[in-house]
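A.B. asks: Take a look at this one; I'll ask things after.
No lab work stands behind these numbers, since they all come straight from the coordinates. Just so we're clear, the structure is a prediction, and the values are computed from it rather than from any experiment. Cβ atoms come from the backbone with ideal geometry, glycine included; neighbour counts cover every protein chain shown.
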Amino acid sequence: MKQDKLAWAKLAGEAEEKNLPLIEYLLERSAAQLETDKASILARMDDALQVMEEAVTFGMTGVKSNSGLTGGSAKALNEYIKATVNKERQDLLGPVAGSAVMYALAAAEANAAMGRIVAAPTAGASGILPGVLLSMREHCNIPREKLTESLVVAGVIGEVIASRASIAGATGGCQAECGSAAAMAAGAVVYMLGGSSKQIGDAVSIVFKNMLGLVCDPVAGLVEVPCIKRNAGSVVQCLLAAELSLAGVGSFIPADEAIDAMDKVGRSLPQGLRETAEGGLAVTPTARAWAEKYFKRIHG
Amino acid sequence: MNIFDIIGPVMIGPSSSHTAGACRLGLLAAGILGERPRKAEIVLHGSFARTYKGHGTDRALIAGLMGWQPDDTRIPDALLLADEAGMEFSFIPGDLGSKAHPNSVLFRLTGENGNTCEVTGASVGGGQIMVTGVDGFPVELTGMLPALFVPHRDEPGVIALVSTILAQKQINIASMRVFREGKGETASMVIECDQPVPPEVVHSLEELGPVRLVRFVDRVS
C-alpha cells in the first residue's frame, strides 16, 4: 500500500492547530504510530545518539577501511588543527563547523571500516548527523535531552523526504542521501537553537538549494571515495542553512517544494550517476586504475 | 515508515544494501531452513557477484546465516568465526536470470540433520530485503512480519483448514498469497501474520492431510 505523501508545512500546521509545541506534536504522532509512549521514543533516540558517539570515537582513532582506500583523515585533521592552526592562524572553518567536519569524517570513516553506525538516513550519509550534533553539544552547550529531541525532528524531516522523494543514492543520487542527511541535520540545529517550524522548513530548503544535482559516483562502488568527504561537505551546508534560517533570511522556495524538486532532479540523473560507479569520479583514470587493481586483488 | 527507519537502523557499515540487507537475507534464509545451516552454497548475481568480497557482503551473508543481527560487531570476522563454528560455506558468482534484482542471492542450505532448503532473495535498498523464492515456489517475503510457508496438495478446502486453525489460535493473518504449480498439483500458501506462530500450531498445520510441510519464519529485525 502506498503511503500518502507527508508535508512539512502540513505537520507544522497540525501542531499549531492542536496548540502544541512542534516537538510535542511530533513525539505524539510517532508514539501513536509506533504504539508506544514519548519517553520510549526519546530513550531510543538516546541509544542512537550513543551509537553515533561511539562511531565518532572509533573513527577518531584513525581506522582504515578493508580496501585501504580510506581512513585517518579525521585524525589527521585533528592533529593538524591542534599542532598548526591553533598556533599560527585562525582555523578556516571556525570551531563549530571545524568540529562538525572532523566528527563527520570520523563517523564516515568508521562506517567504511565496518564499524557500528546509525544509518541516518543511510550508512553512506552516516557521518552527517553525528558530526553536527556532537559539535553543537561541544561548542553550543546543547543539553543531551535537546539533542535527542532534535533527532526526532530530524527523523520526521527524513520521513517527509522519503515520502515525497527518496533517501537512496541509487534512486536520487547523493543529493538524496547526503543532501537529505544535511537537511535533516539543519532542521535539528534550528530546533536546538529555538527556531520556529517555518525556520526549520527554510533550513531544509536552503540545504537542497545548495545540494541539488549532487551525483552518486562512488569509486569502485565502495562507500568511501568521495562519500567520506561528501559527509564533511554536507555538514558545512547544514550549518550554513541553519544560520541563514535562524537569521530570518528565509527561503524563497518552501521545504516541500524543494524536496519535490530534489525528487525530479534525482529522476533525471542518468543511471551512471546513481550509485552504479559508471560515471563521475568513479570513471576517472585514477579511479579506474585503482578499481581494476582492487578487483584483481580481492578476487585472487 | 517511521522515524526509526530514518534514524536507524543501527548497523555494521559500510552499506545498507550490501551489509545490513545482506545480513537480514542470511537471517531470513536460516529462519526458513529452521536452524543454523551446517552447509551453505551461496550463489551471487549481478552487482553482488562483482562486489561481495570488498563490500563485506560475504561476511554479512554468513553473519545472518549464523543468526547474528545487522549491528553485531562480530560481522567483520564472520567468515573466520563461521569456519571455526564448523559451518561449510562457498560463494559462487552466477546468473539468476535477467529478471533478478542486481543484488540477488540464491542460498542452498543444509541443516544438521540433512534438512535442506533453497532460498532466493534480494537486497532491494536501504537495508530492505525481499525473498522471492523458497524451494522453487515464488513468494514475497520481506521479513518484516512473522510468516508461514505452507506447501500443500491443490484441492478444495485447504486454505479454509489452515485459516481456521490460525483463527482458533487467535493468530491474525496480515497477508496471504497462494500459488500453485498446476491445477491439482502442488500449491503453496505464504501467510504473513501479526503474531509469531508457536510450534504446536505449526505442528497442527503439519498434521493436516493435504499439507506437505510447514515452515515458520519469525520476523528479522
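A.B. asks: Taking Cα centroids, how far is region B:71-143 from region A:144-200 in Å?
C.D. replies: Their Cα centres are 33 Å away from one another.
A.B. asks: Sticking with this one: For Cα pairs less than 8 Å apart in space and 6+ apart in sequence, what is the mean separation divided by the residue count of region A:61-160, i.e. the relative contact order in percent?
C.D. replies: 25 percent
A.B. asks: Taking the Cα centre of each part, how many Å lie between region B:1-63 and region B:173-192?
C.D. replies: Answer, in whole Å: 27.
A.B. asks: Rounded, prolate or oblate: which one fits region A:128-173, using the alpha carbon gyration tensor with axes a ≥ b ≥ c (rounded when a/c is under 1.5, else prolate when a/b beats b/c, else oblate)?
C.D. replies: In terms of gyration-tensor shape, oblate.
A.B. asks: Also, I was wondering about something else. Sorting A:GLU88, B:GLU112, A:GLU53 on the 10 Å Cβ count, fewest up front, what's the list?
C.D. replies: So the ranking, lowest neighbour count to highest, is A:GLU88, B:GLU112, A:GLU53.
A.B. asks: Taking neighbour counts of Cβ atoms within 10 Å as a proxy for exposure, in what order, fewest first, do A:TYR25, B:TYR52, A:TYR80, A:TYR103 appear?
C.D. replies: Neighbour counts put them in this order, fewest first: A:TYR80, A:TYR25, B:TYR52, A:TYR103.
A.B. asks: Just add up the charged neighbours of A:ALA241: K/R +1, D/E -1, any other residue whose Cβ is under 14 Å from the Cβ of A:ALA241.
C.D. replies: In short, 0.
A.B. asks: Next question, about the same structure. How crowded by other chains is B:14-23, given as the mean number of beta carbons from other chains within 10 Å of each beta carbon?
C.D. replies: Across B:14-23, the average partner-chain Cβ count within 10 Å equals 6.
A.B. asks: If Lys and Arg each add +1 and Asp and Glu each add -1, what is the summed charge of the other residues whose beta carbon sits under 10 Å from the beta carbon of A:THR70?
C.D. replies: 0
A.B. asks: When you look at the Cβ of every residue in A:121-128, what mean number of other chain Cβ atoms sits within 10 Å?
C.D. replies: Neighbouring Cβ atoms belonging to other protein chains average 4 per residue here.
A.B. asks: Counting other Cβ atoms within 10 Å, which trypsin sites (Lys or Arg not before Pro) in region B:68-141 have at most 11 and lie in a DSSP loop?
C.D. replies: Those that pass, being in a loop and sparsely packed, are B:LYS99.
A.B. asks: So, by mean Cβ neighbours within 10 angstrom, what's the order for B:191-199, A:204-212, B:27-35 with the highest one leading?
C.D. replies: Highest mean packing first, the order is A:204-212, B:27-35, B:191-199.
A.B. asks: Here's something else I'd like to know. Is there a simple number for the mean count of other chain Cβ atoms within 10 Å of the Cβ of residues in A:154-166, and what is it?
C.D. replies: 3
A.B. asks: With springs only between Cα atoms under 10 Å apart, run a GNM on chain A and tell me which of A:ALA183, A:ALA165, A:ALA123 wobbles the most.
C.D. replies: A:ALA123
A.B. asks: By per-residue mean of other Cβ atoms within 10 Å, what is the highest-first order of B:136-148, A:216-228, B:167-179?
C.D. replies: Result, highest mean first: A:216-228, B:136-148, B:167-179.
A.B. asks: PRE reach from B:ASN115 (point 7 Å along Cα→Cβ): which of region B:199-221 fall under 20 Å by backbone N?
C.D. replies: Only B:199-209, B:211-221 fall inside the zone, counting backbone N under 20 Å.
A.B. asks: Give the lysines whose C-alpha is closer than 29 Å to that of A:LYS296, dropping any in the same chain fewer than 8 places away, or say none.
C.D. replies: Partners within reach: A:LYS64, A:LYS229, B:LYS39, B:LYS53, B:LYS99.
A.B. asks: Mind ranking B:81-93, A:275-287 by how tightly packed they are, going by the mean number of other C-beta atoms within 10 angstrom, highest first?
C.D. replies: Order by mean packing, descending: A:275-287, B:81-93.
A.B. asks: Describe numerically, in nm with one decimal, the distance between label points set 7 Å from Cα along Cα→Cβ at B:GLU207 and at A:ASP37.
C.D. replies: With each label point 7 Å from Cα toward Cβ, the separation is 4.2 nm.
A.B. asks: Apply the Karplus parameterisation 6.51 cos²θ - 1.76 cosθ + 1.60, with θ equal to phi minus 60°, to every residue of region A:149-155 and state each ³J(HN,Hα) to the nearest whole Hz, in sequence, with x for glycine and proline.
C.D. replies: Ordered by residue, 3J(HN,Hα) equals 5, 5, 5, 5, 4, 4, x Hz.
A.B. asks: Still on this structure, I have one more. Give, as a single signed number, the net charge of other residues whose beta carbon lies under 13 Å from the beta carbon of A:PHE208, with Lys and Arg counted +1 and Asp and Glu -1.
C.D. replies: Charge balance near A:PHE208 sits at -3.
A.B. asks: Could you list the chymotrypsin sites (Phe, Trp or Tyr not before Pro) in region A:249-300 that lie in coil according to DSSP, counting only those with at most 13 other Cβ atoms within 10 Å of their Cβ?
C.D. replies: A:PHE252
A.B. asks: Each residue of region B:74-89 in order: what ³J(HN,Hα) in whole Hz does its phi give by Karplus 6.51 cos²θ - 1.76 cosθ + 1.60, θ = phi - 60°, with x for Gly and Pro?
C.D. replies: 7, 3, x, 9, 4, 4, 4, 5, 5, 4, 4, 7, x, 7, 9, 9
A.B. asks: Where a ≥ b ≥ c are the square roots of the eigenvalues of the C-alpha gyration tensor, would you call region A:133-291 rounded, which needs a/c under 1.5, or, failing that, prolate if a/b is larger than b/c, or oblate?
C.D. replies: Here region A:133-291 falls in the prolate category.
A.B. asks: Under 1.5 on a/c is rounded, so check that first for region A:8-299, then, if it is not, pick prolate when a/b is larger than b/c and oblate when it is not; a ≥ b ≥ c are the square roots of the alpha carbon gyration tensor eigenvalues.
C.D. replies: prolate
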